[in-house]
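Have a look at this one before I ask anything.
The values are calculated or read from the model by the stated rules, or taken from the named source; none is laboratory data. All of these numbers come straight from a predicted model, not from anything done at the bench. FYI the Cβ positions are ideal-geometry reconstructions off the backbone, even for glycines, and counts take in every protein chain you see. Quick note on the areas: whole protein, heavy atoms, side chains included, nothing else; ligands and nucleic acids left out. Shrake-Rupley method; radii C 1.70, N 1.55, O 1.52, S 1.80 Å.
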Amino acid sequence: MSVTYVTVELRQLVVTRAEAICEYCLIAEEDTFFGCELDHIISEKHGGPTSAENLAFACVACNQMKGSDIASIDWETGELTRLYHPRTDKWSDHFWLGTDLLLEARTAIGRVTISLLGLNQPDRVLERQTLNRRYPSAAAKRRME
């Protein structure tokens, strides 16, 4: 399967809209070692278009963990639950920043997204803690409200 080319203009629109932070974990691109990239929220594999409505800005760690997944099992309920969708969901409806910079879930969508993307794996939490007052950034705080 070939990957659709993303124009410079479309990439800039996605980055600007996201304020250069990962739309999943909210880390600023400038604070990541590997940077950020564009994510097809619904992957091309599943028929998702390469359009502004279907693209998110994601850090490499979130994007690699997400892959082409669109859902996972919520082990609390045993039900298949869709992942957080940055274009249609409000971050603060599904997550909050808890003690020691752990990302906490408000909903089943939050639970499966935290689990599948490994948002609270020790290295991810340590990364946020090491940023010492840079996380959350002002842009991230706006999404957390």
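How do the peptides 109-121, 10-22 rank, highest first, by the average count of neighbouring beta carbon atoms within 10 Å per residue?
Values: 109-121: 21.2, 10-22: 17.1.
My ranking of the peptides, most packed first, is 109-121, 10-22.
Put Glu44, Glu145, Glu127 in order of accessible area, largest first, 1.4 Å probe: what do you get? Spell out each step's value before the answer.
Values: Glu44 35, Glu145 145, Glu127 60 Å².
If we order Glu44, Glu145, Glu127 from most to least accessible, we get Glu145, Glu127, Glu44.
Put a dot 7 Å past each Cα toward the Cβ at Met144 and Arg106; how far apart are the dots in nm?
If labels sit at Arg106 and Met144, their model points lie 1.4 nm apart.
Given a 1.4 angstrom probe, I'd like the percentage of the accessible area of region 1-137 that is carbon and sulfur, rounded to a whole number. Before the final figure, lay out each step's value.
Numbers: 3970 of 7300 Å².
Carbon and sulfur: 54 percent of the exposed surface of region 1-137.
Counting only other residues whose beta carbon sits under 14 Å from that of Val14, what net charge do I get with K and R as +1, D and E as -1?
Values: positive: Arg11, Arg17, Arg87; negative: Glu9, Glu19, Glu23, Glu29, Glu37, Asp39, Glu53.
Summing Lys and Arg as +1 and Asp and Glu as -1 gives -4.
To continue, here is another question. Using a 1.4 angstrom probe on the protein heavy atoms only, could you order Thr81, Thr99 from most to least accessible area? Intermediate results must be reported in sequence, preceding the final value.
Working: Thr81 20, Thr99 105 Å².
Ranked list, largest accessible area first: Thr99, Thr81.
Right, here's the next one. At 222 nm, what helix-only mean residue ellipticity would the chain give, in deg cm²/dmol to the nearest 500, using -39500 (n - 2.57) for each DSSP H run of four or more?
On the way: 6 runs with 47 residues, N = 145.
The per-residue figure over the chain is -8500 deg cm²/dmol.
Counting only heavy atoms of the protein chains, get the accessible area per residue of the chain (1.4 Å probe) and round it to a whole Å² value. Write down the numbers at each step before the final one.
Numbers: 7840 Å² over 145 residues.
Roughly 54 Å² per residue, with all protein chains present.
List the chymotrypsin sites (Phe, Trp or Tyr not before Pro) within region 27-105 that DSSP assigns to loop and that have no more than 15 neighbouring Cβ atoms inside 10 Å. Can you show the working numbers first?
Values: sites: Phe33, Phe34, Phe57, Trp75, Tyr84, Trp91, Phe95, Trp96; in loops: Phe33, Phe34, Trp75, Tyr84.
The qualifying sites are Phe33, Phe34, Trp75.
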